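Scroll down for the structure; my scribbles are underneath it.
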Amino acid sequence: HAHLLFNAHALYTLGLQLEESYGTIPFVLYNISLVPATGLLALGLLSVTRNRLRLTAGHDWRHQKIVGSSSVLFAWTTCASFRLPLSWPLPLVKNFTIKSFTIPGTNLQFNAGPLVTMGAIHVIYPGSSLEGHLAGILVGMLLHWGFLPLSLFQPAVLIPSLLLLELYFLRKVLPIQ
């Protein structure tokens, strides 16, 4: 329940700023788009890690929950922390900030704050989804740097694409001749 309360608080505080920055309709569409974007990446990360990490501290990684608001919140947190000169990744630890910097040889901003937050969450809640949180961070990086076209994840594109994938991979039917 504490994890849910943390997510609700983070969505409220960060969401207000992001909604003001992007506008209500684009912010809602981005949130809808980030669910499948982070979920698909988390599934990919889980498929890579589940064979290597069968049991860690008594936790069966094959039954890990990976889709939820945490992934989307980590994507937004990453975008926000990359925009700021300093991030405050551990709200309960006073005066602990992490500076943003430009990756050498690029004009890409980076801040390790989301990684620190993810690490702290996994110490406090060992059963939380490492793959889900990491997927959110990676999608947030790609989104902030302009490498992720969220238009691909909009409902008008995503629903027909998923239907075609389902027809091809699960039913072994190719609707286009």
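The values are calculated or read from the model by the stated rules, or taken from the named source; none is laboratory data. Everything quoted here is computed from the prediction, not taken from an experiment. Don't worry about glycine lacking a Cβ; one is built from the backbone with ideal geometry, like all the others, and counts go over all protein chains shown. The area values use the complete protein model at the heavy-atom level, side chains included, leaving out ligands, DNA and RNA. Shrake-Rupley method; radii C 1.70, N 1.55, O 1.52, S 1.80 Å.
Where helices (runs of 4 or more DSSP H) sit wholly within region 74-177, those with at least 1 residues that are open to solvent by 70 Å² or more (accessible area, probe 1.4 Å) and of a type in the set (A, V, I, L, M) occupy 113-124, 155-165. Screening Val28 with (1) at pLDDT 85 or above; (2) crowded, with 19+ Cβ neighbours inside 10 Å; (3) of a type outside the set (Ser, Thr, Tyr) gives one miss only, at (2).
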